[in-house]
Amino acid sequence: MQQIPLDIGLERTPELARYLPGPNAAALAQVQAWLGHLGDNPVPLYLWGDSSSGKTFLLRAAQHALAARGLKMGWMDSASRAQDFDEGWAAVFLDEVQHYDTAAQQQAFSWLAQAKALHLPILAAGDVPPLALDLREDLRNRLGWGLVQVLQLPDEAQTRAILRQEADARGIGLGEEVLDFMLRHFSRDLASLMELLDHIDGYALYAKRAVTVPLIKAMLLE
């Protein structure tokens, strides 16, 4: 059987309580602290790491936490359309900053300047440290002012532990042979594996069968 890439996004509800940190407990703690000091002029926080390290999930989870409080915020990523700064925002989020074009960089710099003047919290993310970004210098400097936290990809043992933890939370039993099969035949980035687990969970409920390698193979044939 050939390896089957599942390059699809993480569809779970973006809640910090559901974030499985693995080697990134420090990053999770930083985001929780950032949220905890929201009204106290918190220091800006910048997360960086590989595209599969969970940066966007953490930003979306923080955004979700603010929205649950009834707060508004500014969000920008590489696909965002231009949006004027709103003084009614409670925070500013900048994701995928490494992909910002000239117009997005101008907008991001304007947002950061206005957020700083109003003492609004800032949470940003990119794939490299701020000073290594291929962006205009003044924007790099603003992104690097504050706390910078790197996110690491989990190794195989940590990935297995994270999968088991999520499976246990769902009431799914994952045997070693199932974990071996998942890691051998599918894309190993955590977002894809979590999406795969979603599909396996749903199919197991539909088929009213335990999660086994034959069940996964049957799912793939449908």
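Quick notes
- Maximal additional length on extending the residue 29-residue 181 stretch stands at 51.5 nm, based on 0.36 nm per residue less the C-alpha distance.
- Mean separation of Cα contacts under 8 Å (6+ apart) over length of segment 71-114, as relative contact order %: 43 percent
- Portion, in percent, of the accessible area of segment 180-222 that falls on carbon or sulfur, probe 1.4 Å: 58 percent
- Filtered trypsin sites (Lys or Arg not before Pro), segment 129-158: DSSP coil and at most 16 other beta carbons within 10 Å: 136
- Calculated mean residue ellipticity at 222 nm for the chain: -14500 deg cm²/dmol, from DSSP H runs with n ≥ 4 weighted as -39500 (n - 2.57), summed, divided by the residue count and rounded to 500.
- When Rg and Dmax of the Cα atoms in Å is calculated for this entry, the matching label among (1) 19.4, 59; (2) 15.9, 47; (3) 19.4, 77 is (1).
- Charged side chains reduced to their Cβ positions (Lys and Arg at +1, Asp and Glu at -1) give segment 1-149 a dipole of some 360 debye around its Cα centre.
- Net lengthening on full extension, residue 156/residue 67 (0.36 nm per residue, minus Cα-Cα): 28.6 nm
- Protection proxy ranking, peptides 115-121, 60-66, average beta carbon neighbours within 10 Å, highest first: 60-66, 115-121
- Span-rule helices in the chain, defined as complete DSSP H runs reaching 24 Å or more along the axis (Cα) with Kyte mean at least -0.5: 190-207
- Put simply, the convex hull of the Cα atoms in segment 119-196 casts, on average, a shadow of 7.7 nm².
- Residue among 93, 181, 85 with the largest mean-square fluctuation in a Gaussian network model of the chain, springs linking Cα atoms under 10 Å: 181
- Residue-span extension gain [residue 213 to residue 119] - 0.36 nm each, minus C-alpha spacing: 28.5 nm
- Between residue 132 and residue 168, the simple spin-label model (points 7 angstrom out along Cα→Cβ) gives 3.4 nm.
- Listed residues 78, 133, 53: farthest to the positive end of the dipole of the chain (Cβ charges): 53
- For the chain, the relative contact order comes to 29 percent (Cα pairs under 8 Å, sequence separation of at least 6).
- Taking every protein chain into account, the accessible area of the chain amounts to 50 square angstrom per residue (probe 1.4 Å).
- For residue 55, the lysines whose Cα comes closer than 26 Å to its Cα, not counting residues fewer than 8 places off in the same chain, are 72, 116.
The values are calculated or read from the model by the stated rules, or taken from the named source; none is laboratory data. Everything numeric in this text was worked out from a predicted model, so none of it was measured. Please note: Cβ atoms are built from the backbone with ideal geometry, for glycine as well, and neighbour counts cover all protein chains shown. Side chains are part of the model used for accessible areas, which takes the heavy atoms of the whole protein and leaves out ligands, DNA and RNA. Shrake-Rupley method; radii C 1.70, N 1.55, O 1.52, S 1.80 Å.
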